[in-house]
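Heads up: the structure comes next, in structure tokens.
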Amino acid sequence: MHHNTPLISTVVVGLVLAFILGALAQRVRISPLVGYLLAGVVMGPFTPGYVADQKIANELAEIGIILLMFGVGLHFSLKDLLSVRAIAVPGAVVQIAVATLLGMGLGWTLGWPIGGGLVFGLALSVASTVVLLRALQERRLVDTERGRIAVGWLIVEDLAMVLTLVLLPALAGLLKGEGANGLSAYAMALPVLITLGKVAAFVIFMLVVGRRVIPWILHYVAHTGSRELFRLAVFAISLGVAFGAALLFDVSFALGAFFAGMILSESELSQRAANETLPLRDAFAVLFFVSVGMLVDPAIIVREPLPLLATVFIIIFGKSVAAFGIVRMFGHPTSTALTISASLAQIGEFSFILVSLGVSLALLPDRGRDLVLAGAIISIMLNPLFFALLDRYEAKKKEAEEAAEAAAAAQSAQDTAAEAVAEAAMVSAKKRSARVELPVTALTNHVVLVGYGRVGSVVGKSLQQGGVPFLVIEDDPGCLERLAEAGIEKITGNAAAPGMLVAANLEAARGLIVAIPNAFEGGQIVAKARAISLTLPIIARAHSEEEIAHLKHHGANSVIMGEQEIAKAMIAQIGGVHLP
Ligand code: AMP
């Protein structure tokens, strides 16, 4: 092995081993993440054979975190962040407190001093950004309400950890019981204030300067027409801002990158920027898992089975039960609470940084660090399992709903019973609507419009001009504000969710227009509508022949394919050319 090229060998061996073990894991139907982590164990110092450079592996992992957080920022606007603060802030704080107390309890049982227990507990309380985002991205949950809550929650945890990392050295003496008298309240409050001041300064700097400069740079580069330069600009901005934030404002890389992305999300170039970072982001995320694997000494499983079990228990159950309770307490549905719980049932990069600091300050015994590391790898390995259980739960729920609708639709075949069926569907739907407690609109003989984006808003405006009564079902909070301004009646949420169409009084409507781009979801909405009314005219939107067939199959009377209409309009403008 060429030890004179540690960077190259770490990257190459890491990626190759991760690929082989990841592919094997996939083959035996477990998450490739497990393969990546095992690749790290194989390359680590505790197993025979090649040992990669841990320091380099950690730095590579940091690049992965930066790119991931940048990507999240691109999907996230300040408005999104503020819209979930009501739950994310108290949720994260309470959950951190619960996990920390549990960890301190375990530390106390193991005979550690209080400072050691505190560091241990805090390390167990923060989830890994990479693991969480991977899970959300795989399930396309980042842009959903629960995804936003999970990411908001993560940002709060991130901020809490930034504060902890700054405060810990200042408080170490006190925690160890030395010189407690010498430490005044002022000396303790000062580092907190300075840190908060720096975070605030960074945020203000980004909002004032970054907001103007970053989109300007990207627009400028986009106009040069060079794809290569554009890509470079995206990377330079994401990495540069993250690094600058850490250097100048002492903010974590992750937080800096998140803000760089968020600033960009306001410009229409963001989608393109996001796509540019995808391939590199994935490669570095893999290296992150490899670097985690490298830290772990597998022998701990036989050396300390019980403390390890307790640690894993706190990470997986202690944290998630607390999170579940809080999310439910705030009135969010069970599926949201389960998603948040599953997302948080693991620990990662912040925990590693925290325990290393704890050990170097002589607060935490080495044993505590080993437990956290082993707990991390086990919880990361088990994490896909919880998401699989969540998927199962949702599939079951959906199945039960569809069974109810299918029963209603089957009955409807007997034409004499049509009315009874509609009523049965109404009753079952009303039951569902009772569950989400949506009031039914007073409108009758109205149009129900699903989606108020590029297509729906044009339809809505002309309905308004024509004096046709209508209401909109929309799940994007941004659109909802526009609707409220225009004085249009609206129902908030996914039209495919239980109770939505009943709340729109679809039974008494004159028509349904499904103006959303996702034909798969559109099909579900159409099927649900058909189960409520057999005669209702339903118009849906599609982008391909398959989608047209799908929507018609579910009961749409007519389906408009956007691309075809664009082509027709183009041809009509040329003149002299006849449509086939
Ligand atoms: P556009 O593609 O610009 O016409 O936008 C579609 C709009 O439909 C967006 O504003 C989405 O928020 C909204 N939308 C998409 N899916 C749903 C759904 N299942 N229920 C309600 N609104 C939706």
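Packing order of peptides 58-66, 306-314, highest average first: 58-66, 306-314 (average count of other Cβ atoms within 10 Å over each peptide's residues).
Restriction of the trypsin sites (Lys or Arg not before Pro) in region 440-533 to DSSP coil positions whose beta-carbon has at most 10 other beta-carbons within 10 angstrom yields 454. Is region 74-215 best put as rounded, prolate or oblate by its Cα gyration tensor, with a ≥ b ≥ c the root eigenvalues, rounded for a/c under 1.5, and otherwise prolate when a/b is larger than b/c, oblate when not? Oblate.
The equivalent ellipsoid that matches the C-alpha gyration tensor of region 247-399 spans semi-axes of 29, 25, 16 angstrom, in descending order.
Hydrodynamic estimate: the Kirkwood radius of region 435-511 over Cα pairs, inserted into Stokes-Einstein at 25 °C and 0.890 mPa s, corresponds to D of 198 µm²/s. Relative to the longest principal axis of the Cα atoms of the chain, the long axis of helix 456-465 makes an angle of roughly 40 degrees. Note on region 447-572: Cα convex hull, mean projected area over all directions, 7.7 nm².
Computed over every Cα-Cα pair of the chain and binned at 20 Å starting from 0, the pair-distance distribution P(r) comes out as 18, 46, 29, 7, 0 percent.
Summarising the amide proton neighbourhood of residue 251: residues at separation of 5 or more, or on other chains, whose placed amide H is nearer than 5 Å comprise 246. Using the Karplus relation 6.51 cos²θ - 1.76 cosθ + 1.60 with θ = phi - 60°, the per-residue 3J(HN,Hα) values for region 141-157 come to 9, 4, 8, 8, 4, 5, x, 5, 5, 4, 5, x, 4, 4, 5, 5, 4 Hz, with x marking Gly and Pro. To the nearest 10, the accessible area of residue 396 is 140 Å² with a 1.4 Å probe.
Take every pair of alpha-carbon atoms less than 8 Å apart whose residues are at least six positions apart; their mean separation over the length of region 443-496 yields a relative contact order of 35 percent. Residue 250 exposes around 80 Å² of accessible area when a 1.4 Å probe is run over every protein chain in place. Taking the longest Cα principal axis of the chain as reference, the axis of helix 185-205 is set at about 40 degrees.
The portion of the accessible surface of region 6-391 made up by carbon and sulfur, rounded to a whole percent, is 70 (1.4 Å probe; DNA, RNA and ligands excluded). Projecting the Cα atoms of 26, 150, 444 onto the dipole axis of the chain, where Lys and Arg carry +1 and Asp and Glu carry -1 at the beta carbon, places 150 farthest toward the positive end.
Split the accessible area of region 454-575 by element, probe 1.4 Å, and carbon with sulfur accounts for 57%. At a probe radius of 1.4 angstrom, the accessible area of the chain per residue rounds to 47 square angstrom. Protection proxy ranking of 492-501, 383-392, 109-118, by the mean of other Cβ atoms within 10 Å over each peptide's residues and highest first, is 492-501, 109-118, 383-392.
The values are calculated or read from the model by the stated rules, or taken from the named source; none is laboratory data. Predicted model, so just to flag it, every value in this text is computed and none were measured. Quick reminder, even Gly has a Cβ in these numbers, built from the backbone with ideal geometry, and neighbours come from all protein chains shown. What goes into the accessible areas is simple: the full protein's heavy atoms, side chains included, and nothing from ligands, DNA or RNA. Shrake-Rupley method; radii C 1.70, N 1.55, O 1.52, S 1.80 Å.
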